[in-house]
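The structure under discussion appears below in the form of structure tokens.
The values are calculated or read from the model by the stated rules, or taken from the named source; none is laboratory data. None of the values given here were measured: they were computed from a predicted structure. Positions of Cβ are generated from backbone atoms using ideal geometry, with glycine treated the same way; all protein chains shown enter the neighbour counts. Calculation scope for accessible area: heavy atoms of the full protein, side chains included, ligands and nucleic acids excluded. Shrake-Rupley method; radii C 1.70, N 1.55, O 1.52, S 1.80 Å.
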Amino acid sequence: MKIAFVGKGGSGKTTLSSLFIRHLAANEAPVVAVDADINQHLGSALGLSEAEAAELPAMGAHLPLIKEYLRGTNPRIVSADTMIKTTPPGEGSRLLRVREDNPVYGACARLVRLDDGEVRLMATGPFTESDLGVACYHSKVGAVELCLNHLVDGPDEYVVVDMTAGSDSFASGLFTRFDMTFLVAEPTRKGISVYRQYKEYARDFGVALKVVGNKVQGPDDLDFLREEVGEDLLVTVGHSDWVRAMEKGRPSRFELLEAENRMSLQALQDAADDSYAQRDWERYTRQMVHFHLRNAESWGNAKTGADLAAQVDPGFVLGEPLAV
């Protein structure tokens with residue numbers, strides 16, 4: 001299952017995504033975690049020291065390797081240089097799988113050991129001073145989008161992406177790459193503003209969206225969220241001494257997380273698992289092609305000097321049978 005965590009900056013999005021990743025690992029599920037936020041904090045939230053988090057390889061720095069590997073023997077892609085972030089797979093393309101070892105994971109992923117298991121962690125890399133004025137952050141998350149376009153995952157496997165904050169996620173087709181999107185919202189007007197934007201943008205693409213109410217302190221907060229988001233409200237999370245200790249660098253064992261918060265995390269997993277029944281690989285592939293053609297026309301053809309529409313394999317549908 002591909003799962004995204006989105007929300008306003010400061011909503012607790014990264015903290016909740018890290019708790020969910022820990023929960024999955026404790027349940028012995030295979031997990032690939034991806035930090036795609038402009039502020040790279042997922043590694044620290046998973047227990048890495050500042051030095052260890054800083055040493056995570058940046059996916060964008062390995063983009064040539066990623067492109068060359070995924071290209072495989074696809075005859076529609078004349079060279080890796082003509083691949084852009086939206087390039088879809090076709091006959092001959094190499095696909096990624098959650099449990100395998102491959103050169104992309106070898107270059108871009110690092111194993112993070114948690115109390116009750118381990119996960120693969122990948123990171124886009126931070127937005128550095130040298131990027132200011134010459135690059136946008138969406139060029140960095142392009143490596144994530146390209147990998148998700150070529151990833152085949154099953155119902156008992158999880159790819160969890162901590163997305164960039166706010167509505168910036170809609171600057172590319174990346175927001176359509178997920179089986180379930182959890183939007184973390186505080187019980188404030190600003191907290192639900194991103195939800196309204198996301199709901200509007202996502203409606204036309206069939207994006208499955210559930211709201212996680214965070215920093216909920218009482219019945220009034222809960223009533224406010226219910227009034228504003230209705231049935232999209234899945235669970236709420238309140239104060240956590242365990243999280244407070246973690247943020248001070250002194251976490252207890254994950255099994256000591258408050259029972260009510262553990263139940264909320266299980267509700268997230270149940271919702272993600274339930275969304276598998278709605279998975280539509282044909283729609284997924286169709287949307288992938290849609291955004292590729294849009295990007296090709298708006299900037300891709302001019303940048304690469306190639307007709308990128310020719311990369312689309314009309315008979316190809318990404319899906320789990322291809323993983324055999």
Heavy-atom accessible surface of the chain: percent carbon and sulfur, 1.4 Å: 49 percent
Estimated vicinal HN-Hα couplings, Hz - the stretch 13-22 in sequence order (Karplus 6.51, -1.76, 1.60; Gly, Pro = x): 4, 5, 4, 5, 5, 5, 5, 5, 4, 4
Three-way shape call for the stretch 171-243 based on the alpha-carbon gyration tensor, with the a/c threshold at 1.5: prolate
Separation of the ARG253 and GLU297 label points, Cα + 7 Å toward Cβ, nm: 5.8 nm
By average C-beta atoms within 10 angstrom, highest first, the peptides 204-210, 77-83: 77-83, 204-210
Radius of gyration and Dmax over the Cα atoms of the chain, both given in Å: 19.2, 59
Tensor-based shape of the stretch 203-247 (alpha-carbon gyration tensor, a/c under 1.5 rounded, otherwise prolate or oblate): oblate
Ranked order, ARG244, ARG76 - accessible area, probe 1.4 Å, largest first: ARG244, ARG76
The stretch 75-95 versus the stretch 214-256: alpha-carbon centroid distance in Å: 42 Å
Surface per residue (accessible, 1.4 Å probe) for the chain, Å²: 45 Å²
Efficiency of FRET from Cβ geometry, ARG99 and LEU65, R₀ 25 Å, rounded to 0.05: 0.75
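When only C-alpha pairs under 8 Å and at least 6 residues apart count, what is the relative contact order of the chain, in percent?
On the way: 560 pairs, mean separation 85.5, N = 324.
Relative contact order of the chain: 26 percent.
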